[in-house]
Amino acid sequence: MNSIGDKIKEYIKKNHMSESDFCEIAGYSQEYLSLVMADQIFPHLEKLERRYPDGFSTERSVGREADDR
């Protein structure tokens, strides 16, 4: 089974890229994915902070209203 490193090397050779070109693209991809994930995660974290202002508790979780989901 190929490692991820082997797959990257194969992709670089197949597409006639330099390693620095690939690293630049990988950096942009990482930055983009981080921003996308942040857009998805932060609203959920804000909702949880509103729902549990004093931190999570099992009692509040079980006993909360149906519209607070």
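Things worth noting here:
- Degrees, to the nearest 10: 19-51 long Cα axis against longest axis of the chain: 0
- Build a GNM of the chain with springs between Cα atoms under 10 Å apart, and of Glu59, Glu31, Glu49 the one that fluctuates most is Glu59.
- Projecting the Cα positions of Thr58, Met17, Tyr28 onto the charge dipole of the chain (unit charges on Cβ atoms of Lys, Arg, Asp and Glu, taken about the Cα centre) puts Met17 furthest along the positive direction.
- Residue-span extension gain [Tyr11 to Asp39] - 0.36 nm each, minus C-alpha spacing: 7.1 nm
- Only Lys, Arg, Asp and Glu carry charge here, each on its Cβ (+1 for the first two, -1 for the last two); on that basis region 4-69 has a dipole of about 220 debye about its Cα centre.
- Accessible-area composition of the chain, carbon plus sulfur, in percent [1.4 Å probe]: 56
- With the simple model of a label 7 Å out from the Cα in the direction of the Cβ, Ser18 to Arg64 spans 5.2 nm.
- Cα-derived Rg to Rh of the chain, Kirkwood definition: 1.34
- Proximal charge balance of Lys13 [Cβ under 14 Å; K/R count +1, D/E count -1]: -1
The values are calculated or read from the model by the stated rules, or taken from the named source; none is laboratory data. Small disclaimer: the values here were computed from a predicted structure and weren't measured. Glycine gets a Cβ as well: all are built from the backbone with ideal geometry, and neighbour counts include every protein chain shown. Ligands, DNA and RNA are stripped out before the accessible areas are found, and what is left, the full protein with its side chains, is counted by its heavy atoms. Shrake-Rupley method; radii C 1.70, N 1.55, O 1.52, S 1.80 Å.
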